[in-house]
Structures are given as structure tokens and as C-alpha cells.
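The values are calculated or read from the model by the stated rules, or taken from the named source; none is laboratory data. As the structure is a computational prediction, the values presented were derived from the model and not from experiment. Glycine also receives a Cβ, built like all others from the backbone with ideal geometry; neighbour counts cover every protein chain displayed. Side chains included, ligands, DNA and RNA excluded: accessible areas come from the protein's heavy atoms. Shrake-Rupley method; radii C 1.70, N 1.55, O 1.52, S 1.80 Å.
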Amino acid sequence: MYISPKINNMNIQMVDLRGQYLRIKNEIDQALEEALDSARFIRGPIVTRFESALADYTKSKYAIGVANGTDALQISYMALDIGPGDEVITPSFTFIATAEAAALLGAVPVFADVDPDTFCLDPVSVEACITPRTRAIVPVHLFGQSTDMDPILSLSSKYDISVIEDNAQAIGATYKGVSTGSIGTMATCSFFPSKNLGAYGDGGAILTSDSELETRSRIITNHGGRHKYFNEVIGLNSRLDALQAAILEVKLKHLESFTELRRAAAARYHSLFEDIDEIICPYEADWGRHVYHQYVIRIKKRDELTKALTEAGIPYGIYYPVPLHKQPVFGGKANSIPLPETEKICNEVLALPMHTELTPTQQERIADIVTTHATSLIHG
């Protein structure tokens, strides 16, 4: 849930897409002109070139461009032949797409709890969810930080279960020196405009180093066939178009510098809040690099703070106000163990503006409102 303010004298935005575009405008415009001149809007060399660059960046053997991040999840499940009655373990504290894509295939999302520090899957909770019907574990690298993957991979090996990394929010993050997206059996990316690597429309990708899964995924994206009018399996029409690939190719070249801008902004927030006990800043585990897709604090009496932010004209987001296991669509359908950390987190999290164009002055204004409210809690 994102709240946009009615008044914002400093022009503070949750995500400043226009500002970032102006930073690289000449490169973007040139890339779009190349794509338009080629008139190869579906598949074609620009898409292939971006897929190769993305695979290299994530240290995966293969990258398959698709229409959006949700399709990337569904196609990954389909490539692994996950269907009716199969169980897929996901966090409840995440965006619905992770579970929705499995449910669309008749599979059953089974929700595990998360670690209270990282907000990512708790391996102990995951193991409690495993049954003979479990086919996949889907760790979500939430808000830009990797899940603790070694225990997840151990469970994968112990029970012969596939691991699909939901890397929609964490491209560029690492785990023990390894790029997220290259650790599990498969991984998925979203290029929704607000993501760290965002298109100017929808887009997504599947990552894998398994040649058979790469082939199966490509077939599924193309109506279930390798060649036009020859269909082998039931598939989808899900392709990354050349215009978006052209934009993403440019932005991928800047992703490392964009990541450092986000990390610098996070460090400024940390410094501004370091003496405020009532605010819990994002935790960065020592096993990897956090890329701060969101800067999510925890605070008691959140509703009072959101009122203060709104009055000051400062945008904010609540990711996520309702856990998936309490969503009406999944009521009574998912076999869920108790999820105390998830339910507590949902009542306390609040995302502050975070993007590549955020200035120290803007952050000081944001922090002034947040710390004033937090300090008032001591006396209230």
C-alpha cells in the first residue's frame, strides 16, 4: 500500500522515475531510436542482447525475458511441472504474485514465517511446512536483501525439492559473494518501473543455469512451441518486447552505480535514526549486500506516524498491511502453521522514500518528521 501526498513543498517522491530518466536521457533516447529503427519489436537482437547481458550480470547461464514478474513465476512453476495438488512453500509476508502464480496452476501455497530481522523466510518454519506433496520452496529476497540461502539449499537437498528465488526486489544483491538469482534451481525478476532495474512499462525475466529448464521455459513463453504453428505443450504468450529490452540494457549498465546511490541513501537514514530507540532500521545481514529496493523501518503506533507524514506532504508505503495467509482469496485453502513474526511485522512496518535521486536535504526533512513522532512516543 503506497500513499501519495497531496502537498509536497520539497517534491519528495517515493520513487523519482523522471529524475532518474533525466540522468541517463541521452542513452535512453538513443537506445529507443535504435529499437524503433529496427522495427523488430518482438524478440529480435535487442532482446537477445539484453538477455545475454542480464545472464552475465547475475552470473546465471541463461536469462529468458518475459512480459512481467508474475509471468516469470508462473512459467517457472510450469517448467518444473508444478500443478494441481502440489504444494509450494512461500513467505506470507510478501506480494501476492509469489503465491498467486502457483494457485493459478492449481498448486497450493503453503505459508511459512519469516525472520524478524531480515523479513525473509525462516528455514525452521519452512521445514515445518514440508510434506510429501511439497514441490518447491520460494524464498523472496525481500526489500533488497537475500534470504539466508544455505539452510534453504540444505532443505532442498534433504527433501529433493526445487528452489525458485523470487528476485523481484533484489537484483544486484549478493549472498556470501554470490549474486541472488543464481543460487537456486531457477529465479525470477520483475522490471516493474519502480524496481531497482525498472523498465518504462511491464517486464520480467527467468534465470537458470539448467539447460533443460531454459528450453522448457522458452517453449512455454511461446505458446508451448519451439516454432510457429507447432505446439508441444500448453503455454503462454509472454515476451519481453524490444523497446523495454532497449531501456533495460541501458539501465543495467548503470545498475551498480544506482545501487551505490541507494546504499548511500540508506546509510544517511541509518545515521539520522541511530539515536532513536523507537525506530528499528532495516537490518543488513553480514552474509551479503543489501540493495535497498525499499527502506522499511519498524515503529509502534504506526498509524500516528502515517498521519504526521501525510500532513507534512511526505509519501510512504506499507508493505505489507495484510499477510497472504489472511487474505480472503486464500482463506481456508492454504495449510498454514502459526506465523507470529509475520503478523507482528505487518502491524509495524513502514517504507520511507528510497530511490537514486533522493537528496540529503530531502532525507533530513523526512527524518525530522519521523524522529519528532518517535520521540513523542516516549512522553505519550
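If you roll a 1.4 angstrom probe over the protein chains with everything in place, what fraction of the accessible area of the chain belongs to carbon and sulfur, to the nearest %? The value for the chain is 52 percent carbon and sulfur by accessible area.
A simple packing score, the average count of other Cβ atoms within 10 Å per residue, orders the peptides 124-136, 26-38 as 124-136, 26-38, with the highest score first. Near THR134, the amide H atoms lying under 5 Å from its own belong to GLU87; only residues 5 or more places off or on other chains count, and H is placed 1.01 Å from N. When peptides 291-304, 171-184 are sorted by average Cβ neighbour count within 10 Å, with the highest value leading, the order is 171-184, 291-304. Shape descriptor for region 258-380: Rg over Rh equals 1.01 (Cα atoms; Rh from the Kirkwood inverse mean 1/r). For region 38-119, the equivalent ellipsoid derived from the alpha-carbon gyration tensor has semi-axes of 29, 17, 11 Å in decreasing order.
Peptides 274-282, 103-111, ordered by how many other C-beta atoms sit within 10 Å of their residues on average, highest first, read 103-111, 274-282. Using a simple spin-label model with pseudo-atoms 7 Å out from Cα toward Cβ, GLN327 and ASP277 lie 3.8 nm apart. For the residue pairs LYS25/LYS251; LYS301/LYS344; LYS176/LYS251, the C-alpha atoms sit more than 18 angstrom apart in LYS176/LYS251.
For region 210-272, trypsin sites (Lys or Arg not before Pro) are listed when DSSP marks them as loop and at most 11 other Cβ atoms sit within 10 Å of their Cβ; the list is ARG226, LYS228. Applying D = kT/(6 pi eta Rh) to the chain, where Rh is the Kirkwood radius over alpha-carbon pairs, T corresponds to 4 °C and eta to 1.567 mPa s, the Stokes-Einstein value obtained is 61 µm²/s.
Ranked from largest, the principal axis spans of the Cα set of region 26-165 equal 55, 34, 25 Å.
The Cβ shell under 12 Å around GLU256 holds other residues with a net charge of +4, Lys and Arg each +1, Asp and Glu each -1.
Using the Kirkwood radius over C-alpha pairs as Rh, can you work out the diffusion coefficient of region 177-264 via Stokes-Einstein at 4 °C, viscosity 1.567 mPa s, in µm² per second? After rounding, the answer is 88 µm²/s.
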